[in-house]
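The values are calculated or read from the model by the stated rules, or taken from the named source; none is laboratory data. Note that the coordinates shown come from a computational prediction; the quantities given were computed from them, not determined experimentally. A quick note on method: Cβ atoms are made from the backbone with ideal geometry, for glycine too, and the neighbour counts reach across all protein chains shown.
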Amino acid sequence: MNERPNGIREEIITIERYILDQQYTHPGATGAFTNLLYDIALAAKIIARETTRAGLVEILGLAGKMNIQGEAQMKLDVFANETMVRMNSYTGRLALMASEEVPGVISIPEEYSAGRYILVFDPLDGSSNIDVNVSIGTIFGVYRRITKEGPATEADCLQPGRDLVAAGYIIYGSSTMMIYSTGNGVHGFTLDPGVGEFLLSHPNIRIPDKAKYFSVNQGYEKYWGEGVLRFTRWLQGMNEEDPREPLSGRYIGSLVADFHRNLLAGGIYYYPADRRKPKGPRGKLRLLYEAAPLAFIAQHAGGYASDGQQPILDILPESLHQRVPLYIGNRDLVEKAEEFIAAYGE
Ligand code: P6P
C-alpha cells in the first residue's frame, strides 16, 4: 500500500473487504463462508470491548451484580462464550458448534436454519490472566460438516486439523488483533477502536527463519522426560555435542500471546506431556479448539506443530475436550524436539 505525503495510507483495507477479495479467488465459493468469518470478527469486537472494561468490573461494582443494562454481570470467559454462541447461532451458516466452555456440542436452535459449517472455539484462552491484565485470546477453527443428513452430530466436530477450512485467533492485548487463514496465507488485522473496524496490518505473515524465543513453563521441569530436558538445554545452548546460540526465554502463560509473539518474531512454544498425574491425560492443552487451529495457522505461515511424536494436524480427535502435548513454531525447532523425544522419551 502506498502512503500519501500526509502519511494516510492510500488504501485502508478492512477485514470485510479482504475476506471478500479472498472469496473472489475461490471459484465457486459461497458467501456463507465469507459471512461466517465476518460473524467471528463481529463477535471478536464485542468481546474486545468487554475485555478492556474487565479491570473496571470490580471497581464499578459490576462483578456478580446487576449491570446498568439490568443484566447479571458475567465472568468474562462466560461472556465471551455467550457472545460466540449468540453471534453464530441464528446466521444459518453453521450446523453445530463446540466450545471449551461447554461439555457437549452446541446445536443450532430449531427456530433457525442450519448451514454446512462447524465452528469449534476456545472463547477466552488464558482467562486466569484477566485479573493481572495479561493478554488473552479467542481461538477458532471451521470445518465443513461431514454427516450427510439430519442434524449434525459430535462426529462432525471430531475431524483432524488437516481438514480445517479456516482457523484463527483474536488476541486482546495492547491492541486487539485478529489473525486468520483459509489455507491461502496467514493474515493479521488490527482493530481500530475509533472506527470499530479490523484493518489489514500484517498481510501474508511468515514465521521468520531465525527463531528468537522459546516458551515453556520451566517451573515444571521436575515432571519432564529426559528428551524434553535435553531439548530445552539444547535451546539454551548448553548441549556440548550440539552447541548453538541460546534462545531467549519468554513465557507469558497465555498460549495465544506466546504463540502470536513467536509467529511474528520466530520461536517455539511447548507444553510437554504432563506427567504430574501418571493416570491423567497426556497433555494440558486441548486438541480440537487450541492445538489444531493454531497448528493450521503455523503450517500456513511456514511453521509446524507436533504433539512431540506426530503432526498435530494428523491427529483424529476421539473426544471434544481431548488434551495433547503441544510443540509449535519454527519447523526446525519442533522437529528437533521430536528427535530428542524419540531418542530419550517425553
Ligand atoms: P501453566 C492457560 O490456562 C493455558 O491454557 C495456556 O493459555 C497457557 O499457555 C498455559 O495454559 C499455561 O499453563 O501450567 O504454565 O500455568
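Some points to look at:
- Selection count, the range 211-228, where residues are within 16 Å of the ligand (Cβ to nearest atom) and touching a helix residue (DSSP H, G or I) at 6+ places or on another chain (Cβ under 8 Å): 8
- Filter result (modelled with pLDDT under 90, farther than 15 Å from PHE79 by Cβ, in a helix (DSSP H, G or I) and aliphatic (A, V, I, L, M)) within the range 15-54: ILE19, LEU20, ALA32
- Filtered residue count, the range 273-290, keeping only those that are more than 28 Å from ASP156 (Cα to Cα) and at pLDDT 95 or above: 0
- Scan of the range 96-141 for residues that are among the β-branched types (Val, Ile, Thr), closer than 14 Å to ALA80 by Cβ and either crowded, with 24+ Cβ neighbours inside 10 Å or touching a residue at least 24 places away in the same chain (Cβ under 8 Å) (or both), ordered by number: ILE130, ILE136, THR138, ILE139
- Pair list, Cβ < 6 Å and 6+ apart or interchain, from the range 327-343 residues that are not assigned by TED's automatic domain parsing to the domain that holds LEU229 to residues that are basic (Lys, Arg) and modelled with pLDDT of 95 or more: none
- Residues being within 13 Å of the ligand (Cβ to nearest atom) and assigned to a helix (DSSP H, G or I) - total across the range 250-292: 12
- Of the residues making up the range 229-249, those that are within 27 Å of the chain's Cα centre (by Cα) and either small (Gly, Ala, Ser) or within 16 Å of the ligand (Cβ to nearest atom) (or both) are THR232, SER248, GLY249.
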